[in-house]
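Chemist: Please see the structure below; I have some questions.
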Amino acid sequence: MAKTATELRSLLNSIDHRGYPAYKSTAGVYRFEGYYLSIDHVQGDPFASPSHLTIRVPGESAKFPKDYYEAKPRRVALQDNLTRRFHRVAEKYSRTAQGSGKSGVIATCAPGPEVLERTACRIDTASGDVLYRLEVGFPARGRTIDSGELIKILFDFLPECVREALVFRRELEKEYTKLLFLADDRAFVRSEMERLNLVAFVADGAVLPRESGISQKPMKDARPFKAPESLRVSLELPHRGTLTGMGIPKGITLIVGGGYHGKSTLLHALERGVYDHIAGDGREFVFTDKSAMKLRAEDGRSVHGVDISLFIRDLPDGRSTKSFSTEDASGSTSQAANVMEAIEGGSRLFLIDEDTCATNFMIRDHLMQSVIHPDKEPIIPFIDRIRALFEGAGISTILVAGSFGAFFPIADTIIQMDRYEPVDITKEAKEAAEKAGAGAGTPEKIMLPEKGRIPRPLRFLNTGERVKTKTLGRDGFSVNHDTVELRYVEQIVESGQSAALAKALLFLGKNCIDGKRTLTECIDLLMKKLEKEGPDALYPGSYVATGLTLPRRAELFACLNRCRFLNFE
């Protein structure tokens with residue numbers, strides 16, 4: 001039963017100047033005008049992590065029309081927008097309440113340019129209720145309660161945040177309409193890509209370069225993208241009308257060109273194209289197959305029980321590569337493992353930049369082959385498998401190649417970036433390869449592993465002892481004293497995804513990994529739950545954390561494959 005806001009004010013006045021632990025008595029649900037405030041968890045000390053709060057605006061008060069959130073693309077876009085609005089308003093008030101430790105902090109989710117599902121804001125499709133989660137540093141002087149400052153936050157600042165962000169306002173109707181129309185159009189383009197046999201699409205007028213290496217803002221005065229005529233696709237969108245751009249077909253695509261001409265910039269936009277983007281980002285109409293995986297060499301990573309024999313024959317020390325394990329992979333073995341793990345995870349598109357690859361994994365030139373006998377070389381280079389992966393397994397590849405001309409004969413599409421403008425040079429490059437005597441050859445048939453790996457149970461999760469997790473930004477997380485390194489999983493775009501992956505690991509360990517199910521079966525079970533409940537499903541406790549962001553299936557696989565403490569049968 002919810003108490004009234006008046007009762008909360010009285011309680012706060014009664015505990016003013018008492019010891020900080022007296023704040024614990026405020027936990028509960030309180031009825032404010034038009035919404036409910038739930039104090040879910042109270043910090044034990046002003047220097048501890050801020051207290052967790054949830055605001056619930058009933059549907060009849062929020063008044064968002066049902067067609068705003070009935071369809072999933074619209075609901076995700078609206079939730080994302082409300083999260084951004086709340087953050088902008090709350091940022092004005094954070095730390096205005098003074099005190100010791102984290103006093104006055106109003107911590108809200110601060111999204112990047114990607115439109116993602118987060119625990120920060122959720123809309124109930126049945127009731128239209130809007131839930132918003134945040135953290136507040138309850139004010140103190142030393143370790144003594146300062147109720148007056150908390151009353152300002154709860155009774156002055158948060159009501160304004162609710163009015164500005166979580167309640168439908170008629171004057172913003174045009175803005176909401178643009179937001180939802182963009183969501184509809186994005187969903188339409190993705191459906192058309194499958195029909196047109198495309199793995200990626202980049203709209204004319206898109207702005208791909210970023211402001212700097214540490215910024216995701218579009219570069220000012222950057223040259224807008226313009227598709228080459230031979231690859232131009234025209235789409236009739238439900239709301240925007242005609243949209244033209246470059247369609248990249250399924251198969252093997254090379255992106256070539258001189259240094260600093262935009263090759264990696266295009267690839268970077270494509271790797272982020274697995275996510276939708278907000279209006280004004282410049283990449284709101286850049287789309288990539290959602291299963292696409294950016295692959296690279298990853299020296300030093302752990303590998304457990306991966307069949308890399310498609311690329312690495314038996315090693316000189318006699319170790320089999322049918323079930324390869326190491327705590328310190330080389331460039332070539334790590335990249336081979338990354339490819340095979342992506343296949344196991346169901347990726348239909350590989351994104352590769354030669355600058356981050358192990359050269360001996362990618363290619364061996366004719367001179368090296370003539371000097372080093374094949375019997376002395378355990379590596380079967382990627383160039384010898386890339387065509388078979390497409391023809392035999394339906395896996396496309398987009399490869400940035402600044403110096404690998406040997407890929408010309410086997411490529412289906414070759415795009416030259418010339419001062420950030422794409423040019424289709426497929427015909428010319430093929431002719432040049434023929435004159436040089438380079439042929440594509442006939443790809444060998446390949447056999448992919450049929451049996452999935454079975455992870456062994458994580459015993460420490462079922463001892464009843466508390467398991468501590470800590471997020472390390474986008475670079476990974478720790479479980480107790482073990483770190484899961486994710487810095488080279490380059491399509492993680494928010495620290496909230498790392499936090500969600502930590503929770504996903506615990507959920508899988510407790511509920512799915514039983515020594516009988518394959519890794520794929522375990523992740524499939526979790527994905528069904530996430531599809532139904534969103535990232536809230538990862539937090540089965542009494543309250544849901546503020547900062548979880550829904551990861552892709554691909555990142556779930558990448559996370560579990562990098563757990564040094566997870567072994568496989």
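Readers should treat all values here as calculations from the given coordinates under stated rules, not as data from a laboratory. Note that the structure is a prediction, hence the values are computed from the model and not measured. Methodologically, a virtual Cβ is constructed for each residue, glycine included, from the backbone with ideal geometry; neighbour enumeration extends over all protein chains shown.
Chemist: Where does the chain land on Rg(C-alpha)/(2.2 N^0.38 Å)?
Modeler: 1.08
Chemist: Set the Förster radius R0 to 30 Å, insert the Cβ-Cβ distance between Lys435 and Ala393 as r into 1/(1 + (r/R0)^6), and round the FRET efficiency to 0.05.
Modeler: 0.40
Chemist: How are the Cα pair distances of region 459-561 distributed, in percent, across 10 Å bins from 0?
Modeler: 15, 51, 33, 1
Chemist: Considering only the other residues whose Cβ falls under 12 Å of the Cβ of Arg31, what net charge follows from Lys and Arg at +1 and Asp and Glu at -1?
Modeler: Local net charge: 0.
Chemist: Please rank Cys563, Cys109, fewest neighbouring Cβ atoms within 10 Å first, as an exposure proxy. Kindly include the intermediate steps, with their values, before the conclusion.
Modeler: On the way: Cys563 19, Cys109 25.
Starting with the residue having the fewest Cβ neighbours, the order is Cys563, Cys109.
Chemist: If you don't mind, there's one more thing I want to ask. Could you list Met246, Met1 so that the one with the fewest beta carbons within 10 Å of its beta carbon is first and the one with the most is last?
Modeler: On the way: Met246 25, Met1 5.
Placing the least packed residue first, the sequence is Met1, Met246.
Chemist: To continue, here is another question. Please state, to two decimals, what the Cα-based radius of gyration of region 3-168 comes to when divided by 2.2 N^0.38 Å (N = residues).
Modeler: 1.04
Chemist: What Cys residues in the chain have no fellow cysteine's beta-carbon under 4.7 angstrom?
Modeler: By the Cβ distance rule, which asks for a partner under 4.7 Å, the isolated cysteines are Cys109, Cys121, Cys161, Cys357, Cys559, Cys563.
Chemist: Using only C-alpha atoms and all pairs of different ones, pull out the Kirkwood radius for region 176-450 in Å with one decimal.
Modeler: On the way: mean 1/r = 0.0504 Å⁻¹.
When all Cα pairs of region 176-450 are included, the Kirkwood radius is 19.8 Å.
Chemist: Among Arg240, Arg133, Arg195, what is the fewest-to-most ranking by other Cβ atoms within 10 Å?
Modeler: Fewest-to-most Cβ neighbours within 10 Å comes out as Arg195, Arg240, Arg133.
Chemist: Turning to a different aspect of this structure: Just going by the charge dipole of the chain, with Lys and Arg at +1 and Asp and Glu at -1 on Cβ, which of His41, Pro209, Gly19 is farthest out on the positive end?
Modeler: Gly19
Chemist: Expressed as a fraction of 2.2 N^0.38 Å, the rule-of-thumb size for a compact globular protein of N residues, what is the C-alpha radius of gyration of region 239-394?
Modeler: 1.20
Chemist: Whole angstrom only: what separates the Cα centroid of region 194-255 from the Cα centroid of region 34-97?
Modeler: Each part reduced to its Cα centre gives a spacing of 34 Å.
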